[in-house]
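Since the structure comes first, as structure tokens, the remarks are kept for the end.
None of the figures in this text is laboratory data; all of them are computed from the coordinates on show. This one's a predicted model, so the numbers in the text were calculated from it and none came from an experiment. Cβ: placed from backbone, ideal geometry, glycine included. Neighbour counts: every protein chain shown.
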Amino acid sequence: MELYPGFSLYRALYEFSNYAVQGSLNRNAGMKWEDFSSNGMDEVFAIIILEWFLALIAAYCMDRVSLSVKDPFSYFKNPFKKSPSPQRTSLEQQGSEVSVEIERLDVAQESEKVEHMMLEPSTRYAIVCDKLKMVYPSRDGNPPKVAVRGLSLAVPLGECFGMLGPNGAGKTSFINTMIGLVKPTSGSAFVQSLDICKDMDRVYTSMGVCPQHDLLWETLTGREHLLFYGRLKSLKGSDLNQAVEESLKSVNLFDDGVADKPAGKYSGGMKRRLSVAISLIGSPKVVYMDEPSTGLDPASRMNLWTVIKCAKKHTAIILTTHSMEEAEFLCDRLGIFVDGRLQCIGNSKELKERYGGSYVLTMTTSSEHEKDVERFVENVSPNAKKIYHIAGTQKFEIPKEEIRILEVFQAVEKAKSSFRVFAWGLADTTLEDVFIKVARTTQAFNVFS
């Protein structure tokens, strides 16, 4: 009976309790080591240890079988065959994306430029990344997470490069790698010709960072924060005091004694402005800004954009944002970052021309006329595609080559005699449309690959 695991455990507990009861009655110590052989406990423990090894082997076999999705019995055919690792699987997926990679001519040109710069370094470029890769190791049974996949990028002085991408795309992981919080898995990156893996202490003296979440001391004032970070940038004496005063004024934290209040009493927007001021004090050559205008009201946001735009004249800035308006206002070039890699690079106008190619027609009617709107759009443009529909409001994507704007206006005026149109509009492709199109296309491909 002891061969059954549950009964062997029961037998052991029974013997222990029996000796414990007898010991309490006879004032003995209970079961001792020399009592094991007299009551068969040594055999019970031997059986429990053997069963533990057998259960371990069975669990291992079941785990291997569960990994063999295509053929659950393939493990028993060849139990010593090594299963592909998650890293190898990710490499195979990357290989399947070669056909898509070829189509990204702008990204390929950026990579070629970086390769040429690695052979002939240039002081014009403040930030250079060559095939930078960041992989978070496996944890808690989860496979390794590839956050940045072979990124090649060069940002010159005087340029603000915007990184757009959905949550979890790897933008913050890239910034964390560039500022030294984590080390890259492979590839290389240089800031002012200094290797971030070897010369990070020297890089810090010419670098500013505005993190995604404000990292401030609650008991220090805004002025004390800037004095502290100014000294780290080698500012001293009157130069330091002047730089602190100018920084406070630029982000509207100087008047009414705000500069001398503890940061813990600042509002969320004030803390954000202070974080931006900290990143720009000392005129650093390289600045990383992770969603700098989050939580700001429109007036403060516009003022902050003006500050950043003035600062980029002699600085290379990498800025991540979810605001398309912010990206168009501040950034000289944009890169859409999805699944750890750049999907496209160019200025706002280039991206709209490359991925736009259509107008967006919006029309609002009563619910009973929705079918009439669909028939109207089909007559105007047979290849139109509906992209939005809610409560009588519909949006259609119409290829530019199929229509003339004048003809659309004439057709709408004619349609108004057939059904009531509450509102309508015809707009060119926006940066938000481009972002959604690139992100959805890339994510859909990754799912199917």
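Remarks
- For region 357-428, the spread of Cα positions along the three principal axes, ordered from largest to smallest, is 31, 23, 18 Å.
- A straight Cα-to-Cα reach below 27 Å connects K145 with the lysines K70, K81, K82, K131, K133, K171, K183, K198, K437, residues fewer than 8 places away in its own chain not being considered.
- Isotropic mean projected area of the C-alpha convex hull, the chain (nm²): 39.4
- This ranking places K385, K133, K312 by how few other beta-carbon atoms lie within 10 Å of each, fewest first, which gives K385, K133, K312.
- Among R27, R64, R341, R375, sorting on how many other beta-carbon atoms sit within 10 Å of each Cβ, with the fewest leading, yields R27, R375, R64, R341.
- Sparsely packed loop sites in region 393-431 (the chymotrypsin sites (Phe, Trp or Tyr not before Pro) outside DSSP H, G, I, E and B with at most 16 other Cβ atoms within 10 Å) comprise F419, F422.
- Loop chymotrypsin sites (Phe, Trp or Tyr not before Pro), region 221-310, which have at most 10 other Cβ atoms in a 10 Å radius of their Cβ (DSSP): none
- Share, in percent, of DSSP beta bridges within region 94-345 that are antiparallel, nearest 5: 55
- Order of D332, D339, D239 under a 10 Å beta carbon neighbour criterion, fewest first: D239, D332, D339
- Excluding same-chain neighbours fewer than eight residues apart, the lysines reachable from K261 by a Cα-Cα span under 27 Å are K233, K236, K249, K271.
- Calculated FRET value between N167 and L56, using beta carbons and R₀ = 41 Å, to 0.05: 0.50
- Scaled against 2.2 N^0.38 Å for its residue count N, the alpha carbon radius of gyration of region 124-271 is 1.24.
- Rh by Kirkwood over Cα pairs, then Stokes-Einstein D for region 94-345 at 1.306 mPa s and 10 °C, µm²/s: 84
- Computed extension gain for E43 through A427, at 0.36 nm per residue and net of the alpha carbon distance, reaches 129.9 nm.
- Taking the longest Cα principal axis of the chain as reference, the axis of helix 41-67 is set at about 30 degrees.
- Where the alpha-carbon atoms of region 155-215 are placed on the principal axes, they occupy 31, 29, 26 Å, in descending order.
- Hydrodynamic radius by Kirkwood, which averages 1/r over all alpha carbon pairs of region 277-419, in angstrom: 18.7
- Over region 191-245, equivalent-ellipsoid semi-axes from the Cα gyration tensor in Å: 23, 16, 8
- Region 100-152 and region 218-263 have Cα centres separated by 37 Å.
- Comparing A263, A299, A55 in a Gaussian network model of the chain where C-alpha atoms under 10 Å apart are linked, the largest mean-square fluctuation is found at A55.
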